[in-house]
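The values are calculated or read from the model by the stated rules, or taken from the named source; none is laboratory data. The structure presented is a predicted model; accordingly, all values stated were derived computationally and were not measured. Cβ: placed from backbone, ideal geometry, glycine included. Neighbour counts: every protein chain shown. Remember, those area values only see protein heavy atoms, side chains included, never the ligands or the DNA or RNA. Shrake-Rupley method; radii C 1.70, N 1.55, O 1.52, S 1.80 Å.
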Amino acid sequence: MGYGVNFLRNAGVLAIALAVAATPTAAQEVPKNTVITGARMIDVLTGKVVDNPAIFVGPNGRITGIADARTVKWGSDVKHIDLSGKTILPGLIDMHVHLDGPADIGGYRGLEFTDSFWGMTAVGSAQAMLKAGFTTVRNVGSGNRNDIGLKQAIDNGYAVGPRIVPAGYALGATGGHCDSTFLPPSLEKAEKEEGIADSPDELRYQVRRQRKYGAEVIKVCATGGVFSRNTEPGQQQLSESELRVIADEAHQWGIRVAAHAHGGDGIKAAIRAGIDTIEHASLVDDEGIKLAAARARPVWFSMDIYNTEYTQAEGAKNGVLEDNLRKDREVAQIQRDNFRKAHKAGVRMVFGSDAGVMPHGEIGKQFRVMVEYGMTPLEAIQAATRNGAQALGREKDVGAIAVGRFADIIAVDGDPLTNVRELESVDAVVKGGKLVE
């Protein structure tokens, strides 16, 4: 529903055929380091189910071959990850998370904690998401660049978690959703919060600054939000020309842009400006849906249509202010109905939970709601795998079980194509060919 910058935290059949062709015959010893087997595999590129897969992984954690486990042999020096009886599918991708935002601390309760507290909580949140089957996440805004630091810690073996695509600080207008809006002037810093800008030149500088310090995606707040103060979700807060400066600058540097946008006018401005993903898209109108479906450069909707069940049930207890809960109630059903309309119209969709508004380990519950509001189970899975990789521009790395990509794989006992709720309780997670304990 729009987490923003917390003021309390400082501020294919063909693919299978090619894969099998790359795998030695049964008469040969397969010189791979790891093999992963299961009862069946969902190929999200083709929508097909492959029985008895054997997935071979090299020392760099990438898939080197896929074969039929009944006909291929491997040597005793190959580590075997046996997922017998289970359905395996690619590791999931969540395109909208806030790892340094515990869901059970809302409103002014955050004043109980010191600044570094939030970065410490991100470690546990990352572990929870990985155990839930999400092997890649895009963190769209954090305080103190906690997402960048955590990514570095995970990549260098000091912490356990998913692959992180970090944004650093989110960009926004003074007094907008991404700004600090809860405290009086006497408690604010004299200078602007990090990421806040009020002219095209300032916004261009902020894009360059976030990239300089490790951002791999730029997050911008185009409209007001649900969980900020003194903003309404429908308010447009940056002009189309300002949004275009952000998109053009980011694209020049080879990185993509995510726009927090609840309101219809802000959504349309972001689409026309060349923004890559529209976050929330709650109040999108018919014109906005048509723009998104027709735009030549792909634009993706990331709509967090589960978390209101948590916020309405637990928000008041967690300290969330009534005004924020009011906005949450007003937007929730409209967003779900617009999810159905956008999907039916052919808008490209990715999985985005806004984890941090809800507990990080519970995000698999969103699959049920995506299916209730128009997707097939396969489409919901593809939104969280194939589509996410496409929207990130990382199709060579994640999003499918395919030769050349990282061996990021999850397993469930049942068949998620008939019961997508299987993804609410993942039974095994493999990241880079290594079983997550």
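For the chain, adding -39500 (n - 2.57) for each run of n ≥ 4 DSSP H residues and dividing by the number of residues yields -9500 deg cm²/dmol at 222 nm. Here LYS344 is the anchor, and the aspartates and glutamates within straight C-alpha reach of less than 16 Å, apart from those fewer than 8 places off in the same chain, are ASP285, ASP286, GLU287, GLU372, GLU379.
Of the residues THR308, ALA258, GLN237, the one whose Cα sits farthest towards the positive end of the charge dipole of the stretch 212-347 is ALA258 (charges of +1 on Lys and Arg Cβ, -1 on Asp and Glu Cβ, taken about the Cα centre). For a test of understanding, tell me how many lysine pairs in the stretch 26-115 have Cα atoms under 22 Å apart, given they are 8 or more places apart or on different chains. Taking the Cα cut-off of 22 Å, the pair count is 4. Add +1 for every Lys or Arg and -1 for every Asp or Glu among the other residues with Cβ under 14 Å from the Cβ of VAL284, and state the total. Once all neighbours under 14 Å are counted, the net charge is +2. Counting only heavy atoms of the protein chains and using a 1.4 Å probe, TRP253 has close to 110 Å² of accessible surface. Among beta bridges from DSSP that stay inside the chain, the antiparallel ones total about 40%. Run the simple label-point estimate for LYS434 and SER116 please: 7 Å along Cα→C-beta, distance reported in nm. Going by the 7 Å Cα→Cβ label model, 2.6 nm. Sorting 38-48, 413-423 by their mean Cβ neighbour count within 10 Å, with the most densely packed peptide first, gives 38-48, 413-423. Remark: the Cα gyration tensor places the stretch 185-343 in the oblate category, a/c being 1.5 or greater and a/b not exceeding b/c.
Extension gain for the segment ARG329 to ARG109, taken as residue separation times 0.36 nm less the Cα-Cα distance, is 77.1 nm to one decimal.
Grab the beta carbon distance between ASP77 and TYR158, set R0 = 41 Å, and tell me the FRET efficiency rounded to 0.05. Calculated transfer efficiency: 0.90. Sequentially through the stretch 157-165, phi angles give Karplus couplings (6.51, -1.76, 1.60; θ = phi - 60°) of x, 8, 8, 10, x, x, 5, 10, 9 Hz, Gly and Pro residues having no value and appearing as x. Remark: accessible surface ordering of ARG405, ARG229, ARG244 (largest first) is ARG229, ARG244, ARG405, probe radius 1.4 Å.
Each residue of the stretch 255-269 was assigned a 3J(HN,Hα) from its phi angle through the Karplus curve 6.51 cos²θ - 1.76 cosθ + 1.60 (θ = phi - 60°); the sequence is 10, 9, 10, 10, 10, 4, 8, 8, x, x, 5, x, 4, 5, 4 Hz, with glycine and proline shown as x.
Within the same chain, aspartates and glutamates fewer than 8 places from LYS396 are excluded, and of the rest, those with a Cα less than 14 Å from its Cα are ASP408. When the listed pairs LYS192/LYS317; LYS290/LYS365; LYS219/LYS365; LYS341/LYS365 are checked against a 23 Å cut-off, the alpha-carbon distance exceeds it for LYS192/LYS317; LYS290/LYS365; LYS219/LYS365.
Separation of the stretch 362-415 and the stretch 165-229, taken as the distance between their Cα centroids, equals 30 angstrom. Fully extending the segment from LYS344 to ASN60 would add 98.2 nm, taking 0.36 nm per residue of separation and subtracting the current Cα-Cα distance.
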